[in-house]
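Structure incoming, see below.
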Amino acid sequence: MKYTLSVLVENHPGVLSRVAGLFSRRGFNIDSLAVGVTEDPTISRMTIVVNGDDYVVEQVTKQLNKLIDVIKVKKLDPKEAVERELALIKVNANSQTRSDIIQITEIFRANIVDVSKETLTIEISGDEDKIEALIELLKQYGIREVVRTGLIAIERGNKVISKSKSEEDE
Amino acid sequence: MKVKMTVARAMVEVLKSEGVEIIFGIPGAAIYPFYDALYSSDIKHVLVRTEQAAVHEASGYARTTGKVGVCVATSGPGATNLITGIATAYMDSVPIVAITGQVNSSLIGKDVFQEVDITGATAPFTKHNYLVKDPKKIVRILKEAFYIASTGRRGPVLIDVPIDVQMQEIEFEIPKEIDIPGYKPKEKGHPLQIKRAVEAIENSKRPVVCSGGGVIASGASEELRILVEKQKIPVISTLMGIGCIPTDHPYYLGMIGSHGQKEANLALRQADLLIVIGARLADRALGDTKITDNMKIIHIDIDPAEIGKNVDTNVPIVGDAKQVLSEINKRISERKDFWAHEIKAQKKVLPDDDKLHPYDVLREISRAYNGDYIITTDVGQHQIWAAHNLYIKEPGTFITSGGLGTMGYGVPAAIGAKFGRPDKEVISITGDGSFQMLLQELATIKREQVPVKIVLFNNTRLGMVYELQKRRCSGRFIATCLDGNPDFMILAKAYDIQSMRIDKKDQVREAVETLKNHKGPFLLEVVISPDEPTIPQ
Ligand SMILES: Cc1ncc(C[n+]2csc(CCOP(=O)(O)OP(=O)(O)O)c2C)c(N)n1
């Protein structure tokens, strides 16, 4: 099972390595980890996708909470959250295949962001399945390189995960 | 009011404001400004002979006083020498602030002379650590460090200060309050969970309390005693929990686990309710006892991450043990009978022959002092003998490296303990292997005239491992015989420490009397058989 955790941390140097270190040290598997600063420049948000069962997620959450720089950890319910990932895919393209690839790109509502004689670079954002599906389709042309950001997620509606610790989130 | 001063001075000022009286350490070029600032303060500095000892001494001090222990080292090798001590403190939840010097900020990351990434290295086993880059933040960081080390589940905090930062001038002002958004330890147990715990205890037939170091750290012994006496619950403890209740208490059954006492393990196996308090129930504590589905578990711990980590819990209670237990006590009824009478009655009678056994000495020490001492131990068979045979009267008077199992801990911890509690007799129980891991601290004992007593069980073996090889490797002994041991009597003399060696049973009483009556430091060497087992068969 995959779980998405939204983690607010203090924007200090070394926090990322502490978080990443915690995972390797305790033998948890991270699928992806994306970090960026929030609306408050002193705080960053990490979106972490973990692979494991309930025990693992509970342990990850508790161990993360133990880190002094971690302000809040919340497990996101996929139904209640918008999840996105950005990928850049460089694919082989020649005069015969080029228009097919452009068509596929359009169907996926992706964008062509760079063109060379032999390649096209496609930008796509969406949930993991959508990106996987596009990659799968493009494979036949020969993928040169894929760069993915890892998942980021935000809760739907007017809910926010903020710095203040409220009991209900614990 | 703001005053201009160097960061180094400011560091000393914060230490003073935190009530620090003593620091253990070794200076070096990367920490000299701090030492220079220390020169004109009245904080005592104890010069150790290796940095690992500095942390252990700070640990012994912290564990006997309840204050934060402070140690200092220079950058690079000084800092890395602290590592084992820091990890030891982390595993046993001992509040320590470790200060290290660091190379010039502009050189960090360039592998210059005596540079090491100590914050990176210690991240896994510090509660938190800091590399101070901004001189203006030093005061807040130091205050935070003391706060973090001494609250919630206690532990070591490291602060790494580059030398150029130490020398900068700042406007000094101590902040009134500290607010760390991500750190809000929860002390009060949830009322609903407390209610459920009370019900579970009252509905159980064979409850057992397993108490760990957390009971001692939170000062919850009195509350524990009230609970177990009201509900007539047998108490078993982990190594760290010894002394949570006097070892001669009618309900105390002993230590559990692979090196535990039979009665304690038996009670654990027969229990229908296990009340774990301030213990993590690691592999060694459980031994081969399996927690079954028909045993309910209440787990009380200040660290939420401990609950459910090693055993499944029915009633988890996050909070300070003292707090939670007193809430439980307010609601709990009285029980009529003690179910573990029979188990208690099975208590082993130790063999009594002509040979000199370690327990002869340990029991004589218990008798002579009647528990009025602080004991520190090293790691090995002697640690287990001490855990089983010494009378421990008060919480916090049995000090041992329970979590990491660090050989070399005992003597420095005793030194620290004696500095913390000069009114108490401090006795270090050690083995010939462990003693030699940090025996250079005899120099600290000599220099500072620390009147600690050392009882050295000499079996010319790394006894614990030797015993393991005997049992598991059918006597294929490798690397466990300590030929080449020094003559410990001459060694003691070299450090001006009085000493005595015994190898016969009838010498025990007199030897313990001599040990007790001697005013200064004393080394008693007890020569025993290499084949003395941890648990008499
Ligand atoms: C620093 C360290 N190294 C190795 C060990 C592994 N170890 C555990 S007990 C032990 C033997 C201890 O020998 P000694 O101190 O003489 O005590 P005894 O068991 O003989 O009483 C060893 C080597 C350890 N616990 N710590």
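The values are calculated or read from the model by the stated rules, or taken from the named source; none is laboratory data. Worth saying up front: this structure is predicted, and the values here are computed from it rather than measured. Virtual Cβ from ideal backbone geometry, glycine too; neighbours counted across all protein chains shown.
Could you grab the pairs with beta carbons closer than 6 Å, sequence gap of 6+ or different chains, first residue in the stretch B:107-134 and more than 16 Å from B:PRO162 (Cβ to Cβ), second one of a type in the set (Phe, Trp, Tyr)?
These pairs meet every condition: B:PHE125/B:TYR90.
Mind checking which strands (runs of 3 or more DSSP E) fall wholly inside the stretch B:146-220 and carry at least 2 residues that are closer than 24 Å to B:VAL20 by Cα?
On the way: elements: B:156-162, B:169-172, B:207-211.
Once the strands (runs of 3 or more DSSP E) in the stretch B:146-220 are filtered for at least 2 residues that are closer than 24 Å to B:VAL20 by Cα, what remains is B:156-162, B:169-172.
Counting just the residues of the stretch B:361-383 that are buried (at least 23 other Cβ atoms within 10 Å of the Cβ) and assigned to a helix (DSSP H, G or I), which one comes out nearest to the chain's Cα centre (by Cα)?
Filtering the stretch B:361-383 for residues that are buried (at least 23 other Cβ atoms within 10 Å of the Cβ) and assigned to a helix (DSSP H, G or I), the one nearest to the chain's Cα centre (by Cα) comes out as B:GLN383.
Checking B:ILE445 against (1) within 12 Å of the ligand (Cβ to nearest atom); (2) in contact (Cβ under 8 Å) with a residue 60 or more places away in the chain, only one condition comes out false. Which one?
(1)
Given the conditions (1) surrounded by 13 or more Cβ atoms within 10 Å (Cβ to Cβ); (2) away from the ligand (no atom under 13 Å from the Cβ), report the number of the one that B:ARG461 does not fulfil.
Among (1) surrounded by 13 or more Cβ atoms within 10 Å (Cβ to Cβ); (2) away from the ligand (no atom under 13 Å from the Cβ), the lone unmet condition for B:ARG461 is (2).
Scanning the stretch B:486-518 for residues that are part of a loop (DSSP other than H, G, I, E, B) and more than 26 Å from the chain's Cα centre (by Cα), which turns out nearest to B:GLN436 (Cα to Cα)?
B:PRO486
Quick one: B:VAL208 ticks every box in (1) of a type in the set (A, V, I, L, M, F, W, C); (2) over 16 Å from B:PHE338 (Cβ atoms); (3) under 25 Å from the mean Cα position of the chain (by Cα) except a single one, so which number is it?
Every condition holds for B:VAL208 apart from (2).
If you don't mind, there's one more thing I want to ask. Which one of these is at pLDDT 95 or above, surrounded by fewer than 23 Cβ atoms within 10 Å (Cβ to Cβ) and under 32 Å from the mean Cα position of the chain (by Cα): B:LYS136, B:LYS143, B:LYS127?
Values: B:LYS136 fails: under 32 Å from the mean Cα position of the chain (by Cα); B:LYS127 fails: surrounded by fewer than 23 Cβ atoms within 10 Å (Cβ to Cβ).
Criteria check complete, one pass: B:LYS143.
Let me ask something else. I need a count of the residues in the stretch B:98-119 that are more than 14 Å from chain A (Cβ to nearest Cβ) and either crowded, with 21+ Cβ neighbours inside 10 Å or not aliphatic (A, V, I, L, M) (or both). Outline the logic, then answer.
Applying the first criterion (more than 14 Å from chain A (Cβ to nearest Cβ)) to the stretch B:98-119 yields B:98-101, B:103-104, B:106-107, B:110-116.
Restricting the remaining residues to those that are either crowded, with 21+ Cβ neighbours inside 10 Å or not aliphatic (A, V, I, L, M) (or both) gives B:98-101, B:103-104, B:106, B:110-111, B:113-115.
Total meeting the criteria: 12.
On to the next question. Look at the stretch A:17-57 and say how many of its residues are part of a helix (DSSP H, G or I) and over 15 Å from A:ILE71 (Cα atoms).
We begin by selecting, within the stretch A:17-57, every residue part of a helix (DSSP H, G or I); these are A:17-25, A:54-57.
Subset that is over 15 Å from A:ILE71 (Cα atoms): A:17, A:20-25, A:54-57.
Of the residues in the stretch A:17-57, 11 are part of a helix (DSSP H, G or I) and over 15 Å from A:ILE71 (Cα atoms).
Any idea which of B:ILE297, B:ILE291, B:ILE328 is assigned to a helix (DSSP H, G or I), more than 14 Å from chain A (Cβ to nearest Cβ) and either among the small types (Gly, Ala, Ser) or over 25 Å from the mean Cα position of the chain (by Cα) (or both)? Reasoning before the result, please.
Numbers: B:ILE297 fails: assigned to a helix (DSSP H, G or I); B:ILE291 fails: assigned to a helix (DSSP H, G or I).
Going through B:ILE297, B:ILE291, B:ILE328 in turn, just one is assigned to a helix (DSSP H, G or I), more than 14 Å from chain A (Cβ to nearest Cβ) and either among the small types (Gly, Ala, Ser) or over 25 Å from the mean Cα position of the chain (by Cα) (or both): B:ILE328.
When only residues in the stretch A:135-163 that are basic (Lys, Arg) and under 25 Å from A:ILE102 (Cα atoms) count, which is nearest to the chain's Cα centre (by Cα)? Can you show your working first?
Just the residues of the stretch A:135-163 that are basic (Lys, Arg), to begin with: A:139, A:144, A:148, A:156, A:159, A:163.
Pick out the ones that are also under 25 Å from A:ILE102 (Cα atoms) and you get A:139, A:144, A:148.
Details: A:LYS139: 22, A:ARG144: 21, A:ARG148: 8 Å.
Filtering the stretch A:135-163 for residues that are basic (Lys, Arg) and under 25 Å from A:ILE102 (Cα atoms), the one nearest to the chain's Cα centre (by Cα) comes out as A:ARG148.
Okay, moving on. Can you find a residue in the stretch A:138-153 that is assigned to a helix (DSSP H, G or I), more than 20 Å from A:ASP77 (Cα to Cα) and of a type in the set (A, V, I, L, M, F, W, C)?
Start the filter on the stretch A:138-153 by keeping residues that are assigned to a helix (DSSP H, G or I), which leaves A:138-141.
Checking the rest, the ones that are also more than 20 Å from A:ASP77 (Cα to Cα) come to A:138-141.
If we keep only those that are of a type in the set (A, V, I, L, M, F, W, C) as well, we get A:138.
For the stretch A:138-153, residues assigned to a helix (DSSP H, G or I), more than 20 Å from A:ASP77 (Cα to Cα) and of a type in the set (A, V, I, L, M, F, W, C): present.
Continuing with the same structure: State all residues of the stretch A:72-103 that are in contact (Cβ under 8 Å) with a residue 40 or more places away in the chain, under 17 Å from A:ALA153 (Cβ atoms) and either facing chain B (nearest Cβ under 10 Å) or outside any helix (DSSP H, G or I) (or both); if no residue qualifies, say none.
A:LYS72, A:VAL73, A:LYS74, A:LYS75, A:LEU76, A:ALA81, A:VAL82, A:GLU83, A:ARG84, A:GLU85, A:LEU86, A:ALA87
Can you pull out the residues in the stretch B:6-26 that are closer than 21 Å to B:PRO135 by Cα and either surrounded by 17 or more Cβ atoms within 10 Å (Cβ to Cβ) or basic (Lys, Arg) (or both)?
Residues of the stretch B:6-26 closer than 21 Å to B:PRO135 by Cα: B:6-18.
Answer for the stretch B:6-26, where residues must be closer than 21 Å to B:PRO135 by Cα and either surrounded by 17 or more Cβ atoms within 10 Å (Cβ to Cβ) or basic (Lys, Arg) (or both): B:THR6, B:VAL7, B:ALA8, B:ARG9, B:ALA10, B:MET11, B:VAL12, B:GLU13, B:VAL14, B:LEU15, B:LYS16, B:GLU18.
I'd like the residue in the stretch B:351-406 that is hydrophobic (A, V, I, L, M, F, W, C) and farther than 19 Å from B:VAL508 by Cβ and, out of all such residues, is nearest to the ligand (Cβ to nearest atom).
Filtering first and then ranking leaves B:VAL379.
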